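Notes follow the structure.
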Amino acid sequence: MGKRSRPQERFPCPMVLNDSLVSEHVLWRMALEIERRGAVPAGDLGNAFLASLRDVAKEPLPESAPREQRARDLVYWAFGAKSEARATALLAAAAALAPDELMVRGEQAINVLPVSRRVVAFRPLAADARAQIDVARAELGPDVTAWDVVRLRPALRLLAGHALDLVDVGRVDEAVETARYLLSVDPGDAQGVRYFVAPLLVEVGQLDLAQELVEAGRGIETGLDAWNRLLVQSARGAASPGDWKHAESWSPFALEFIAHPDLVEPGLPDDYECGSEDEAQIIGRFTWRAWRKAPKARDALHARIQSKRGSHRHLSLLDGRELVEAILESGLFAPGDTPGLAAYLTPPTDGMVRYLQRLTRLADDPDRSHVAAGAAHLLATVRGLDVAEDVLATLERLDDGIDMGEETCVIDALAGLGQGVLPLLYAAVDRTESVLGVTRLARTIGRLDARGPQAMEAFRRALLVSPFEGVGLLAGLGDPTALPLLHDALAVLDEDTPEARLRDVIEAIHRLGGSVPHEELRRLGLSPELADRPEERSPDQLAAEALALPDRPYGGGLFPEWDFDELDDDPDELDGEDVGFWEPHDEPDDSIELPPLEPPSPLTLLTSRDERPGRNDPCWCGSGKKYKKCHQPVDEGENISNP
């Protein structure tokens with residue numbers, strides 16, 4: 001087989017098309033303008049007309065435009081925003097303008113819900129997306145592919161995201177059906193669905209369809225195409241050594257990520273270069289289960305790994321319990337973020353369920369609590385309410401010093417079980433005496449949008465032990481009978497309480513329709529203007545305010561959105577106060593003698609156990625990792641003498 005030259009351009013990542021949204025925004029606005037004018041002139045006039053529309057998306061749609069169109073326009077603006085604060089405000093304004101618009105609903109579900117609950121929320125969205133696509137195709141005729149109709153692209157993207165989510169919760173059959181629908185309405189496969197669905201077809205044993213799909217992609221060769229073709233050939237028992245060499249010549253790193261999916265980083269890149277590690281990670285993420293689910297493919301993979309043990313001694317085929325624990329243990333994933341692992345375990349065996357239950361008992365071990373949290377999340381995904389007590393016990397066992405991510409992971413797992421888990425949660429609230437236990441349980445009940453007296457009692461207890469946690473939960477409850485509890489919470493605060501926290505309580509009171517007396521505000525040192533609930537802003541006002549926000553990449557992050565242009569005028573002054581800027585042209589004062597600055601090694605600073613970070617605190621080296629996963633083994637070894 002002759003060696004082919006590898007394409008040098010970058011390809012959009014399959015099922016990920018966010019990098020094209022800016023150009024899609026322009027195309028959509030051009031289509032709206034053409035539709036408004038009725039037709040495109042012929043000849044040079046038409047070309048000049050189209051050229052005049054290239055800048056059409058540089059300004060938002062006017063208030064006179066239909067609300068649904070304005071909402072979608074704001075979502076596109078949010079995608080292009082550099083500032084997180086601006087993007088969030090734009091999405092909120094879009095939701096206020098047209099809460100039922102498909103693109104708005106999809107973004108709300110993606111940004112708010114964990115995968116297990118998002119799958120449920122996306123069902124009606126997916127049905128609406130299909131209805132939009134089917135109606136448009138009926139109007140335009142079968143020769144027009146859906147991707148060519150720019151107004152349908154959000155619906156196609158939503159269905160692609162839904163298919164990915166379905167795999168992550170173990171519903172491979174539904175994912176296959178959704179992906180095949182996408183291919184039927186977009187035969188050109190602009191979203192790269194074939195790369196995703198071919199391995200799924202191998203997983204469910206539909207090898208003829210998988211073969212047909214990979215053969216249809218022979219026109220363009222990439223590492224993804226080569227490895228999918230090799231997978232299908234291996235599943236049929238027909239892969240030759242030459243086929244393996246051909247696939248490895250296109251993507252030499254793929255075998256390692258297939259053998260060790262715990263090395264695959266979370267998320268997907270926006271694009272990739274042929275033969276790159278990014279491409280190999282995509283191949284690993286999409287195909288690692290299929291290589292293990294198809295018996296002949298697994299045998300072929302094992303044989304290939306064995307043949308390479310001489311040059312790749314570290315390479316081995318992870319499978320079964322060893323694979324599950326490696327992915328749960330991996331520091332690359334947030335707890336519970338285990339793409340495709342639920343599908344690998346579906347249907348779960350009794351032995352695997354018992355193994356995961358044992359792993360959840362590690363919750364009180366600070367070094368392994370992330371494994372317990374991931375195991376609880378996985379249990380809830382593959383067995384549902386049957387294991388609710390195990391997941392709840394994991395939440396109750398979690399150590400006080402754990403990362404919030406581990407707590408959130410288990411809370412998400414419980415919330416994903418639906419309101420059927422509420423009786424267990426209410427009973428746990430009644431019996432627990434732990435402050436942290438009450439707040440965790442109340443937070444879980446809040447995630448389930450629970451209502452009624454039992455939810456009120458859980459939130460009341462949270463208010464007693466953690467006032468500011470309880471305040472938000474009671475406000476979210478939406479029950480005005482909670483107002484006396486909020487006023488009581490405000491009464492025990494004073495002017496030394498941070499103003500932001502005081503405003504949280506006052507805002508909660510306003511949300512439930514209450515007001516705050518002027519004398520109470522004076523006692524707290526706050527403005528009388530906060531007494532009454534502020535007037536609700538209209539969707540048009542929200543949109544105008546969001547669009548007026550500065551769009552700087554640091555906005556909403558670690559740095560406030562300062563007006564640096566204003567600072568440039570007078571760098572020594574910020575809001576009239578001297579901030580002590582040192583001007584480069586100032587001459588240093590030689591009369592002041594300073595000792596030589598020789599920063600000691602960080603290791604020499606950590607001479608005693610008391611001076612080191614806690615196990616779950618960020619490491620002193622600044623890596624961002626937990627201390628226990630970074631320098632703790634070094635600090636407690638030969639480099640530092642323990643006291």
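A few points about this structure:
- Note on residue 103: accessible area is roughly 10 Å² with a 1.4 Å probe, heavy atoms of protein only.
- With the whole protein complex present, residue 10 retains an accessible surface near 120 Å², based on a 1.4 Å probe.
- Three-way shape call for segment 409-448 based on the alpha-carbon gyration tensor, with the a/c threshold at 1.5: oblate
- Placing dummy labels 7 Å off each Cα toward the beta-carbon, the span from residue 55 to residue 22 is 1.7 nm.
- Förster radius 51 Å - calculated FRET efficiency between residue 544 and residue 183 (Cβ-Cβ, nearest 0.05): 0.75
- Solvent-accessible surface (1.4 angstrom probe) belonging to residue 346, in square angstrom, nearest 10: 50
- With Cα atoms defining each centre, segment 369-388 and segment 281-308 are spaced 26 Å apart in the structure.
- Shape of segment 67-170, Cα gyration tensor, a/c cut at 1.5: oblate
- The trypsin sites (Lys or Arg not before Pro) of segment 203-306 that DSSP puts in a loop, and whose beta carbon has at most 15 other beta carbons within 10 Å, are 218.
- Potential lengthening of the chain between residue 249 and residue 504 amounts to 85.9 nm, from the contour at 0.36 nm per residue minus the alpha-carbon distance.
- Anisotropy class of segment 396-477 from Cα gyration tensor, a/c 1.5 cut: rounded
- Protection-proxy order for peptides 87-99, 390-402, each taking the mean of Cβ atoms within 10 Å per residue, highest first: 87-99, 390-402
- Peptides 371-377, 355-361, 194-200, 156-162 ranked from most to least packed give 371-377, 194-200, 156-162, 355-361, packing being the mean of other C-beta atoms within 10 angstrom over each peptide's residues.
The values are calculated or read from the model by the stated rules, or taken from the named source; none is laboratory data. This is a predicted model, so every value here is computed, not measured. Because the Cβ atoms are built from the backbone with ideal geometry, glycine has one as well, and the counts that use them run over all protein chains shown. The accessibility values were calculated without ligands, DNA or RNA, using every heavy atom of the protein model including side chains. Shrake-Rupley method; radii C 1.70, N 1.55, O 1.52, S 1.80 Å.
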